[in-house]
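Undergrad: One structure is given below, represented as C-alpha cells, and several questions about it will come after.
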C-alpha cells in the first residue's frame with residue numbers, strides 16, 4: 001500500500017482482524033497482504049483520502065462488527081477520479097491489444113496467486129461461505145479477465161466492398177471514460193464482469209463498489225496496482241446519492257453500466273438521457289425453475305441433479321439476480337418431488353462461513369436481512385404455506401450478531417407477492433402446473449425476464465420451453481452456471497445488454513466507419 | 001388512490017422530517033427487481049422523473065408515494081407500512097448516508 005493510506009485503529013481502539021473465525025482462517029493462508037483499518041479511494045494509481053475527509057464504517061455481515069473504514073466520497077472525489085481516467089484513456093485506448101490483453105492476463109494471474117486470500121476477504125465483506133468464494137466467485141472472476149483478454153486479441157473489424165472502388169471499413173474504438181456501479185452480492189465477480197470488457201476494449205473506468213461490500217475490490221486494487229497503468233482503473237467509494245449520482249450524471253463519461261434494482265436503473269437511464277450516452281443495466285428478475293414429471297421417471301443421477309437444481313435457490317443465500325425463487329412443479333409428481341426436495345433443502349448446512357463444509361452463510365447486510373424477514377411475513381399473511389424454514393437462524397459465538405436466515409420453502413400461487421418480487425434471500429415459492437402451456441404461462445407471468453430453469457428428459461419439450469420463456473437465459477437441465485462465453489442479461493424489466501460474452505465488448509466500443517473511395521474520377525454531379 | 005394503503009411508522013416519520021429539513025421537499029418511489037429492489041427509494045421532489053407508467057399510491061408524512069403501475073397491480077392486495085431499520089442499502093435513496101434504510105412491512109387489504 002502506498003504512503004497515501006494511513007492505517008489507523010478503529011474508533012473503539014480494539015484491534016481488528018485479530019480474533020474470531022476470519023482471523024483463524026487467515027492464519028491458515030500463506031500468501032496474503034495486510035488489511036487496513038482505513039482505506040482511501042484508488043485514483044490515478046494512487047490511494048487518495050476523500051477530499052472532505054469523511055468515512056463510513058464497513059461492517060462484516062458474518063459478525064455484525066465494523067471491519068474497516070471506507071471513504072464517504074463526494075462529487076469532488078468523483079471529479080478527481082474522472083480527471084484521472086481522462087488522463088489515462090487516450091493512451092490506453094491506443095495501446096496495442098496484445099498489451100491490453102497482457103495486462104488482463106497478468107491481473108488474472110495475480111488474482112489466482114492470491115485466490116484463497118481474496119476469497120477470505122470476500123467472505124468477510126459479503127458473508128457468503130468460503131467454499132463459494134474459493135470455488136465460484138474468485139475462479140470465475142479470474143477466468144473472466146482471461147476470457148476478455150482473448151476476446152480482444154481475436155476481435156476484428158470488418159470491411160465491406162461496396163463496389164469495385166469503394167470500401168467501408170469498420171473499426172472498433174473505445175468509448176473513452178466509462179462509469180460502473182456494481183452490487184454487493186458478488187463484489188469481486190461483478191467488478192470483473194464489468195471491468196474486464198471495459199478495460200479490454202481500451203476504456204478507462206471509474207467504478208463505484210456497493211456501500212455494503214467495498215472492501216474486497218480495494219484489496220484487489222492493492223494487489224494489482226503495479227500491473228494496471230495508472231488511471232485505467234479508478235475506484236471511488238461512497239453512498240449512491242453522494243458519489244453514485246455525480247458519477248452517473250457526469251457529462252464527462254461516455255457510458256454507464258449498472259447492476260441493481262429498477263428505480264435506480266431508471267434514474268441512471270434518466271441521467272444518461274440528459275447526456276445522450278448509452279447504458280447497460282442488469283436489474284434482476286423473479287426466475288422460474290420448471291420441473292416436468294419425467295425428471296422423476298427414474299431414481300437416477302438425473303433425478304438427483306434436478307433435486308439439487310431445486311435447492312439452488314439457497315446458493316449465495318439467495319442473493320443472486322437469477323435466484324430460482326419460483327419453482328414450478330408438474331402436479332403429477334408434486335408430492336413425491338417435494339418430499340425429496342424438502343429433505344434436500346433441510347440438509348443445507350448454514351454455519352460458520354469460514355468452514356469449507358458450510359453451504360450458506362450470512363445475508364449481506366442488516367437491511368437485507370430485515371427485508372427478507374418482512375417478505376417471509378407477508379408470504380405467511382398471504383396464505384402461503386411454509387414447508388420448511390420461515391425463520392431467522394441464530395448462530396453462536398462471534399457469529400451471533402450475524403444476519404442468518406434459514407432456507408425457506410413456501411407453497412402458494414403465482415399471484416402472491418412472494419412469487420412476484422425478488423426477495424433476494426434463501427426463499428423459494430413453489431406452485432404446480434398441469435401442462436407445458438400452463439407452465440409457460442406462469443413462467444412468463446412476471447415483470448422480469450433474467451433467468452429461468454427447465455428440467456426434463458424430453459429434449460423437444462425442453463426446446464419449446466427454452467424458446468418460449470421470455471428471459472435472457474434458460475438453464476436447461478442445469479442452473480446457476482455462469483461461464484464466460486455464455487451471454488447473460490435480461491428481457492423485459494430485467495435490463496439492457498448482455499454481459500459475460502464477447503458481445504459485451506460492443507457495449508464498450510464505438511463503431512468507426514471509414515468510407516473510402518479508391519476511384520480517381522469525379523462523379524460528374526457538379 | 002386508497003388513502004389508507006400506505007402508512008408510516010413513528011421512526012420513519014421522524015426520519016422523513018429529518019430528511020425534509022436537510023433536503024427540502026421529498027418523495028418516494030417503490031423499487032422492483034433485485035439487490036435493493038422492493039424497497040422505497042426517497043428522492044428530492046423533481047430528482048426522479050415520474051412518467052405515465054407510474055401511479056401515485058399514497059402519501060406519507062406529507063410526501064407523495066409512487067410506484068410503477070404494473071408493479072402496483074401485483075401489490076394491490078396488500079397495504080404497507082413504511083418503516084426504517086439500521087443499514088444503508090445500495091441505492092440513491094436519501095437516507096442511506098444516515099446509516100438507515102426505509103423498509104416496507106406489509107399486511108393484507110381487508111377483503
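Undergrad: Would you give the gap between the C-alpha center of the range A:140-209 and the C-alpha center of the range B:47-100, rounded to a whole Å?
TA: Value for the Cα centre distance between the two parts: 35 Å.
Undergrad: Which value in deg cm²/dmol, rounded to the nearest 500, describes the helix-derived mean residue ellipticity at 222 nm for chain A, given -39,500 (n - 2.57) per DSSP H run of n ≥ 4 and division by the residue count? Intermediate values should be presented prior to the final figure.
TA: Values: 16 runs with 184 residues, N = 526.
It lands at -10500 deg cm²/dmol.
Undergrad: Report, as a whole number in µm² per second, the diffusion coefficient that Stokes-Einstein gives for the range A:335-424 at 20 °C and 1.002 mPa s using the Kirkwood radius over alpha carbon pairs.
TA: Numbers: Rh = 14.1 Å.
So the translational diffusion coefficient is about 152 µm²/s.
Undergrad: Going by the alpha-carbon gyration tensor, a ≥ b ≥ c the square roots of its eigenvalues, is the range A:37-136 rounded (a/c under 1.5) or, if a/c is not under 1.5, prolate (a/b greater than b/c) versus oblate?
TA: Since a/c reaches 1.5 but b/c is at least a/b, the shape of the range A:37-136 is classed as oblate.
Undergrad: Would you calculate a helix-derived [θ] at 222 nm for chain B, using -39,500 (n - 2.57) for each DSSP H run of n ≥ 4 and dividing by the full residue count, to the nearest 500?
TA: Details: 2 runs with 21 residues, N = 111.
Dividing the helical sum by the residues of chain B leaves -5500 deg cm²/dmol.
Undergrad: If you count, for each residue, the other Cβ atoms within 10 Å and average over each peptide, how do A:283-292, A:352-361 line up from highest to lowest? Don't skip to the answer; put the middle values down first.
TA: Values: A:283-292: 29.5, A:352-361: 20.6.
Taking the mean over residues of other Cβ atoms within 10 Å, the ranking is A:283-292, A:352-361.
Undergrad: List the equivalent ellipsoid semi-axes of the range A:418-526 in whole Å, largest first, each obtained as the square root of 5λ for an eigenvalue λ of the Cα gyration tensor. Write down the numbers at each step before the final one.
TA: On the way: eigenvalues 374, 58, 42 Å².
The answer is 43, 17, 15 Å, longest axis first.
Undergrad: Please give the per residue volume of the convex hull enclosing the alpha carbon atoms of the range A:82-123, rounded to a whole number of Å³.
TA: 82
Undergrad: For the range A:212-269, what log10 I(q)/I(0) values come out of the Debye formula at q = 0.12, 0.16 1/Å, with one point per alpha carbon and no solvent?
TA: The calculated log intensity ratios at q = 0.12, 0.16 Å⁻¹ are -0.37, -0.64.
Undergrad: For the range A:246-375, what is the convex hull volume of the alpha-carbon atoms per residue, in Å³?
TA: Details: hull volume 22.4 nm³, N = 130.
Measuring per residue, one finds 173 Å³ for the Cα hull of the range A:246-375.
Undergrad: Other chains' Cβ within 10 Å of A:378-384 residues: what's the mean? If you can, show how the numbers build up before the last one.
TA: Values: counts 8, 1, 0, 4, 5, 1, 0.
Per residue, the average neighbour count from other chains is 3.
Undergrad: Just checking the output field for B:25-33: average partner chain Cβ neighbours within 10 Å of each residue's Cβ? Don't skip to the end; give the middle numbers.
TA: Details: counts 0, 0, 0, 1, 5, 2, 11, 13, 24.
Per-residue shielding by partner chains comes out at 6.
Undergrad: Additional query: Between the range B:1-44 and the range A:299-325, how far is it from one alpha carbon centroid to the other, in angstrom?
TA: 35
Undergrad: Considering only DSSP beta bridges where both residues belong to chain B, give the percentage that are antiparallel (nearest 5). It would help to have the intermediate numbers written out before the result.
TA: On the way: 20 of 26 bridges.
Antiparallel: roughly 75 percent of the beta bridges in chain B.
Undergrad: According to the square roots a ≥ b ≥ c of the eigenvalues of the Cα gyration tensor, what is the shape class of the range A:311-356, taking rounded for a/c under 1.5, prolate for a/b larger than b/c otherwise, and oblate for the remainder?
TA: oblate
Undergrad: Further question on the same structure: Rounded to two decimals, what ratio of Rg to Rh does the range A:245-304 give with C-alpha atoms and a Kirkwood Rh?
TA: On the way: Rg = 20.5 Å, Rh = 14.4 Å.
Using only Cα positions, Rg/Rh for the range A:245-304 is 1.43.
Undergrad: Another one. From other protein chains only, count the Cβ atoms within 10 Å of every residue's Cβ in A:239-246, then give the mean.
TA: What the average comes to for A:239-246 is 6.
Undergrad: Within 10 Å of each residue's Cβ, count the other Cβ atoms and sort A:521, A:194 from fewest upward.
TA: On the way: A:521 7, A:194 27.
Sorted ascending by nearby Cβ count, the order is A:521, A:194.
Undergrad: Report Rg(Cα)/(2.2 N^0.38 Å) for chain B, keeping two decimals.
TA: The value comes to 0.99.
Undergrad: So for the protein assembly as shown: antiparallel DSSP bridges make up what percent, rounded to the nearest 5? Write out the running numbers ahead of the final one.
TA: Details: 54 of 95 bridges.
In the protein assembly as shown, DSSP labels about 55 percent of beta bridges as antiparallel.
Undergrad: Compute the length gained on full extension between residue A:511 and residue A:444: take 0.36 nm times their separation in residues and subtract their Cα-Cα distance, giving the result in nm to one decimal.
TA: Working: separation 67, 0.36 × 67 = 24.12 nm, distance 3.51 nm.
20.6 nm is the gain from fully extending residue A:511 to residue A:444.
Undergrad: Can I ask one more? Pairing the Cα long axis of helix B:10-23 with the longest principal axis of chain B, what angle in degrees results, from 0 to 90 and rounded to the nearest 10?
TA: That helix lies at roughly 60 degrees to the long axis.
Undergrad: Something else about it: Cα-based Rg (one decimal) and Dmax (whole number) for chain A, in Å?
TA: So, for chain A, Rg and Dmax equal 24.2, 88 Å respectively.
FYI, it's all coordinate maths here, none of it is from the lab. Remember, it's a predicted structure, so these values are computed and weren't measured experimentally. Positions of Cβ are generated from backbone atoms using ideal geometry, with glycine treated the same way; all protein chains shown enter the neighbour counts.
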